Amino acid sequence: LVSPERLLRSGEADMVVVPGTEGDFGVLPGHAPVISVIRPGILEIHDAGAEVEQIFISGGICEVSADRCTVLADEAFAVADLDRAALEQRLKNAEEDLTDAGTDEAAYKASTAVALMKDMLQAVR
């Protein structure tokens, strides 16, 4: 799992569940090769006997081969590290930016931020 800033995770896993644009899909060892665009959502990493690791991904690309699942994420955050109050404030700010947008470009950026904050809030239960 790689983001533009850093390598977030590398190692063995029993299964990875990826939020693809066509729906979530599970990747097990020996999976058929596939490349998929990732929608905002939770990537789950399953290891035998361990707690499922959940990482919120804002988007990106996943490449799967028989022995590897590579996720190139636009942004990635451990779900456990997400703060509901901070996300609610960021959503409020993004909604204000959308209301105040004076150009189509500003409106697009603000609406994208609003959608992302809503997706992140859904990830925080």
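The values are calculated or read from the model by the stated rules, or taken from the named source; none is laboratory data. None of these values were measured; they are calculated from a predicted model. So basically every Cβ, Gly included, is an ideal-geometry build from the backbone, and we count neighbours across all protein chains shown. Protein only, heavy atoms only, side chains kept; ligands, DNA and RNA dropped before computing areas. Shrake-Rupley method; radii C 1.70, N 1.55, O 1.52, S 1.80 Å.
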Problem set entry | Residue identified as among the aliphatic types (A, V, I, L, M), open to solvent by less than 80 Å² (accessible area, probe 1.4 Å) and part of a helix (DSSP H, G or I) among 32, 115 | 115
Seminar exercise, completed: Pairs returned, first residue in region 71-96 that is closer than 28 Å to residue 15 by Cβ, second residue that is in a strand (DSSP E or B) and among the basic types (Lys, Arg), beta-carbon separation under 9 angstrom, 6 or more apart or interchain, are none
For this session: Out of the residues in region 77-105 that are outside any helix (DSSP H, G or I) and within 13 Å of residue 117 (Cα to Cα), state the one that is farthest from the chain's Cα centre (by Cα).
Result: 83
For this session: Inspect region 54-62 for any residue being open to solvent by 40 Å² or more (accessible area, probe 1.4 Å), closer than 27 Å to residue 121 by Cβ and modelled with pLDDT under 95 and give the result as yes or no.
Result: yes
Seminar exercise, completed: Result of the Cβ filter at 8 Å on region 102-125, keeping first residues that are of a type in the set (Ser, Thr, Tyr) and partners that are crowded, with 17+ Cβ neighbours inside 10 Å and not in a loop (DSSP other than H, G, I, E, B), at least 6 apart or interchain, is 111/98
